[in-house]
Amino acid sequence: MTHLNNKLSTRFDQILANGQQRLLCGGSKGIEKESLRISKDGFIAQTPHPKALGSALTHPYITTDYSEALIELITPPFTDIKDTLAFLHDTHQFVYDHLDNEMLLAASMPCGIDGDESIPIAQYGSSNIGRMKHVYRHGLWHRYGRTMQAIAGIHFNYSVPETLWPALYELEKPDVSPEQFKADAYFALIRNFQRQGWLILYLFGASPAICKSFFKSRPALMAGFDEFDPGTLYHPYATSLRMSDIGYKSKNQANLQIDYNSLSGYVSSLGKAIATPYPEYEKIGTVVNEQYRQLNSNILQIENEFYSTIRPKQVAESGEKPTLALKRRGVRYVEMRSLDLDVFNPIGIDEGKARFIEALLLTCLLKDSPLISEQDHRINNANQLAVAQFGRKPGLELDRREKKIPLREWAAEILADMQPVCDILDGDEASKPYSQALKQQQKIVDDPDLTASARILKHMGHQQQHFGCFSLNKSAEHEQYFRQRKLDGYNTDQFNELAEQSLAKQREIEGRDQLPFDEFLKQYFAQS
């Protein structure tokens, strides 16, 4: 066992002193991975979501995100990350076994698009809930454009081991209920990640360049970029343009004061944004010529429109608002949303990266986590933007507690804090997988040329490939990887059965829908 790191909180010290360190192991990990379906010539697919994959409305593991072409693969939560990744691999294999003359784009930033109109909005059938999902996406189009919504990424879901909560509660003896204690602890994790989450962009950001076609519908956004080649724009030291101002963010949300200091504050502040009209969106109109343009003209149509690097989550029941699910049943897990697709991996993420993220999130839970002020919000956002755009810049400094600190120095401190946690997660495994993952990231902190973003730009330069060509070639490599394999009979049967069940469930929902859509929306938003 490593010596205690005095930068970890008394929470960690107490667990070790009480001999309960094994309770930190076995947290649940799930992954949601988006990929744009593209044709063999590299253009965004115009075909519908393949019926053989099931219903995008009701399938638990294979659905779509914004676009009909933006497929989303979801794993159940597993305590062993190897099981999570194996499930994700099998799901990819099943998809490829049913894709005709198409493949999944390896990169996060979309290529092969021809303006907003080339991006088909996802369809979910004729039911009220299906229509609501489609109208919501129409609203996103009018508010932000379709191109931004075609960006793909990975969401990493992490749930603290359930057996840890009663032990922590007994050790700390707080003057709140166990449910309140658990919620407070999850929000402490979230606040620490907001302070330190820029590290994910530095280490794993894989979108340093963008196809010029990305800007066709919004050419003004091209300002400030350098030209890598006639087809590509970039920032020389960028890590994750996906997480920059032109990526999956909203300037209109920059001034939103979402409260991360408590569950009740979070639910209240998010609910207020969903209920507050916004003049710019009122100009769009909600129903125009008897057609819905958006669900409403408020700052946020629904909770999902709020773009954040990490979210508290609870499994919502059918038709239940996510904020109400949180309010009623507390936080079940956190969803970390700032991960680019790994273009060098067929499923977009590898085991070492996943283990590192688990250890980081657990460290965020165990460290002291002061409440966040409005100024802290601004500093955290500014640090994230700086790393997204200039993370590999020599000597880059970030703001920490109103003082400047070199990125590499701060990163080294975060990794040092993680070491004792990795030692515990390694347990008796001789290979020390968590410590090895940590060691690999230390190399990347020491040498920015080892980052995925630097490797991508280096490869493009050596091969004289524009970003679209590089992405297409990597996509073809991944396609070949899966085309050379076949899913085994048992898993194929399981996925086929899930597909059939999901299609039947959609038909059932559509068959029993009686309420007019206007009334359905009214009742949905009236939940309290």
Does K404 count as open to solvent by 50 Å² or more (accessible area, probe 1.4 Å), over 17 Å from A354 (Cα atoms) and part of a strand (DSSP E or B)? yes
Restricted to the stretch 428-446 and to residues being farther than 19 Å from C364 by Cα, of a type outside the set (A, V, I, L, M, F, W, C) and part of a helix (DSSP H, G or I), the residue least open to solvent (accessible area, probe 1.4 Å) is P433
Find the residue count for the stretch 82-134, including only residues that are assigned to a loop (DSSP other than H, G, I, E, B) and without any contact (Cβ under 8 Å) to a residue 60 or more places away in the chain. 2
Can you find even one residue in the stretch 255-275 that is more than 25 Å from S373 (Cα to Cα), aliphatic (A, V, I, L, M) and within 23 Å of the chain's Cα centre (by Cα)? no
Would you be able to say whether some residue in the stretch 58-75 is assigned to a loop (DSSP other than H, G, I, E, B), open to solvent by 20 Å² or more (accessible area, probe 1.4 Å), in contact with a strand residue (DSSP E or B) (Cβ under 6 Å, 6 or more places away or on another chain) and closer than 22 Å to I119 by Cα? yes
Across (1) closer than 30 Å to Y136 by Cα; (2) outside any helix (DSSP H, G or I), E519 clears everything bar (2)
Could you please find all residues in the stretch 195-227 being touching a helix residue (DSSP H, G or I) at 6+ places or on another chain (Cβ under 7 Å), closer than 21 Å to F470 by Cα and of a type in the set (A, V, I, L, M, F, W, C)? L201, L203, F204, A206, A209, I210, C211, F214, F215, M222
Taking the stretch 1-35, which residues are at pLDDT below 90, within 27 Å of F78 (Cα to Cα), open to solvent by 30 Å² or more (accessible area, probe 1.4 Å) and among the hydrophobic types (A, V, I, L, M, F, W, C)? M1, L16
Has the stretch 296-304 got any residue that is open to solvent by less than 20 Å² (accessible area, probe 1.4 Å) and closer than 30 Å to G468 by Cα? no
Would you check if G330 is open to solvent by 20 Å² or more (accessible area, probe 1.4 Å) and more than 29 Å from S240 (Cα to Cα)? no
Looking at R485 and the list (1) loosely packed, with under 12 Cβ neighbours inside 10 Å; (2) outside any helix (DSSP H, G or I), which single condition is not satisfied? (1)
Evaluate the following for S369: is it hydroxyl-bearing (S, T, Y) and surrounded by 15 or more Cβ atoms within 10 Å (Cβ to Cβ)? yes
K474 - would you say it is among the charged types (D, E, K, R), closer than 30 Å to K40 by Cβ and at pLDDT 95 or above? yes
Are there any pairs with C-beta distances below 6 angstrom linking a residue in the stretch 186-212 that is without any contact (Cβ under 8 Å) to a residue 12 or more places away in the chain to a residue that is open to solvent by 10 Å² or more (accessible area, probe 1.4 Å) and outside any strand (DSSP E or B), with the two at least 6 apart or on different chains, and if so which? none
Counted residues in the stretch 451-469 being of a type outside the set (A, V, I, L, M, F, W, C) and either farther than 23 Å from L339 by Cα or in contact with an Asp or Glu (Cβ under 7 Å, 6 or more places away or on another chain) (or both) come to 6
Those residues that are under 24 Å from S244 (Cβ atoms) and open to solvent by less than 20 Å² (accessible area, probe 1.4 Å), I need them from the stretch 343-353; list them, please. V343, G348, I349, K353
Give the stretch 236-268 a look and list any residue that's open to solvent by 20 Å² or more (accessible area, probe 1.4 Å) and modelled with pLDDT of 95 or more, or say none. P236, Y237, D259, N261, S262, L263, S264, V267, S268
Can you go through S217, S207, S213 and tell me which one is hydroxyl-bearing (S, T, Y), in contact with a Ser or Thr (Cβ under 7 Å, 6 or more places away or on another chain) and over 17 Å from S453 (Cα atoms)? S217
When the stretch 481-522 is checked residue by residue, the ones that are of a type in the set (G, A, S) and either touching a His at 6+ places or on another chain (Cβ under 8 Å) or farther than 18 Å from G54 by Cβ (or both) are G489, A499, S502
Looking at (1) in contact with a strand residue (DSSP E or B) (Cβ under 8 Å, 6 or more places away or on another chain); (2) assigned to a helix (DSSP H, G or I); (3) among the aliphatic types (A, V, I, L, M), can you tell me which one L425 breaks? (1)
Test: residue in the stretch 152-168 that is touching a helix residue (DSSP H, G or I) at 6+ places or on another chain (Cβ under 7 Å), more than 21 Å from Q20 (Cα to Cα) and not acidic (D, E): yes
Could you please tell me which pairs satisfy a Cβ distance under 7 Å, a separation of 6+ or placement on different chains, a first residue in the stretch 479-490 that is aromatic (F, W, Y), and a second residue that is outside any loop (DSSP other than H, G, I, E, B) and at pLDDT 95 or above? F482/H92; F482/Q93; F482/Y96
Quick check on my filter: what residues within the stretch 122-160 are within 22 Å of L88 (Cβ to Cβ) and over 21 Å from the mean Cα position of the chain (by Cα)? none
Would you check if there is a residue in the stretch 520-527 being surrounded by 15 or more Cβ atoms within 10 Å (Cβ to Cβ) and either among the polar types (S, T, N, Q) or over 30 Å from G319 (Cα atoms) (or both)? no
Consider the stretch 281-317. How many of its residues are in contact (Cβ under 8 Å) with a residue 40 or more places away in the chain and more than 19 Å from the chain's Cα centre (by Cα)? 9
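The values are calculated or read from the model by the stated rules, or taken from the named source; none is laboratory data. The structure presented is a predicted model; accordingly, all values stated were derived computationally and were not measured. Using ideal geometry, Cβ is built from the backbone for each residue, glycine included, and neighbour counts are taken over all protein chains shown. Heads up: the accessible areas ignore ligands, DNA and RNA and are worked out on the full protein's heavy atoms, side chains in. Shrake-Rupley method; radii C 1.70, N 1.55, O 1.52, S 1.80 Å.
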